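Provided herewith is a single structure, encoded as structure tokens, for subsequent inquiry.
The values are calculated or read from the model by the stated rules, or taken from the named source; none is laboratory data. Source: prediction; values computed, not measured. Here the Cβ is made from the backbone with ideal geometry for all residues, glycine too, and neighbour counts use every protein chain on show. SASA here: full protein model, heavy atoms, side chains in, ligands and nucleic acids out. Shrake-Rupley method; radii C 1.70, N 1.55, O 1.52, S 1.80 Å.
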Amino acid sequence: MPLPATFARKGNCIVWRKLRKQIAVERELLRQHLEDHAPLIHKCRSSAPDRIELSALGAMLLSFYNGIENIFKRVMVELGQDLPQAEAWHKDLLERMTREGPGRPAVISSELAQSLEDYLRFRHFFRSAYSFQVEWERMSHLVAEAQDVLCRLETELDAFLKATEGQH
């Protein structure tokens, strides 16, 4: 698979080192984000959140998906690939991560992408909703599964980076 000219000019070892470092930073931020919200997440396992807590959890989920999307954008940009531009570019970006790209394997599995689609849909809803429109029933599974989704993402990112190790 030929590499784009911009990728070759940058020096692929330097690009991959930079990308690995950027991914590591985003992963740490995601871990810290969930850790900061762990007391609230734990509380919600035994009792439904009130309106203020719902707003906080909605903001947490919004930031959680934004952090994941930051990783995907970094993959595209650092490897010299154009970010999607269409109106549904967020969904397109997620789909592109399940496919091989120029000079790289797929970043995540289709199964993980399906789980992430729920977070993406919630993100779109939350950005345009009033806080009183947020319903615990619609988001409780996202809150409960966020740590597991992050673990799955990290496992798949490790596999993605390992698959490229010998090449770069």
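Within the chain, how many Lys pairs sit with Cα atoms under 18 Å apart, leaving out pairs fewer than 8 places apart on the same chain?
Working: LYS10/LYS18; LYS10/LYS21; LYS10/LYS73; LYS18/LYS73; LYS18/LYS162; LYS21/LYS73; LYS21/LYS162; LYS73/LYS91.
Final tally of qualifying lysine pairs is 8.
Using only Cα atoms and rounding to the nearest 10 degrees, what angle (0 to 90) does helix 12-43 make with the longest principal axis of the chain?
Here the helix axis deviates by roughly 10 degrees.
Non-local amide H neighbours of ARG104 (under 5 Å, H modeled in plane, Pro and chain starts lacking H): which ones?
HN-HN under 5 Å from ARG104: empty list.
What FRET efficiency comes out for the pair GLU135/ASP36, r = Cβ-Cβ distance, R0 = 25 Å, nearest 0.05? Please list the in-between numbers first.
On the way: r = 23 Å, r/R0 = 0.94.
With R0 = 25 Å, the Cβ-Cβ based efficiency is 0.60.
Right, something else. Residue by residue through region 90-102, what is 3J(HN,Hα) from phi via Karplus (6.51 cos²θ - 1.76 cosθ + 1.60, θ = phi - 60°)? Round to whole Hz and write x for glycine and proline.
Computed from phi, the couplings for region 90-102 are 5, 5, 4, 4, 4, 5, 4, 5, 8, 10, 5, x, x Hz.
Accessible area per residue of region 34-168 at 1.4 Å probe, in Å²?
Working: 6910 Å² over 135 residues.
Here the residues of region 34-168 average 51 Å² of exposed surface.
Once both axes come from the Cα atoms, what is the angle between helix 51-78 and the longest principal axis of the chain, in degrees from 0 to 90, rounded to 10?
Taking Cα atoms only, the helix is inclined about 0 degrees.
Calculated from DSSP H runs of 4 or more alone, at -39500 (n - 2.57) each and per residue, what is the 222 nm mean residue ellipticity of the chain, nearest 500? Display every interim value, and only then the final one.
Working: 6 runs with 123 residues, N = 168.
Rounded to the nearest 500, it is -25500 deg cm²/dmol.
Over the chain, what lengths in whole Å, largest first, do the semi-axes of the equivalent ellipsoid take, defined as the square roots of 5 times the eigenvalues of the alpha-carbon gyration tensor?
Numbers: eigenvalues 214, 54, 31 Å².
That gives 33, 16, 12 Å for the three semi-axes.
Relative to the longest principal Cα axis of the chain, at what angle does helix 110-128 sit, 0 to 90 degrees, rounded to 10?
60 degrees
Same structure, new question: When the accessible area of the chain is computed with all protein chains present and a 1.4 Å probe, what percentage of it is carbon and sulfur? Don't skip to the end; give the middle numbers.
Details: 4850 of 9050 Å².
C and S atoms contribute 54 percent here.
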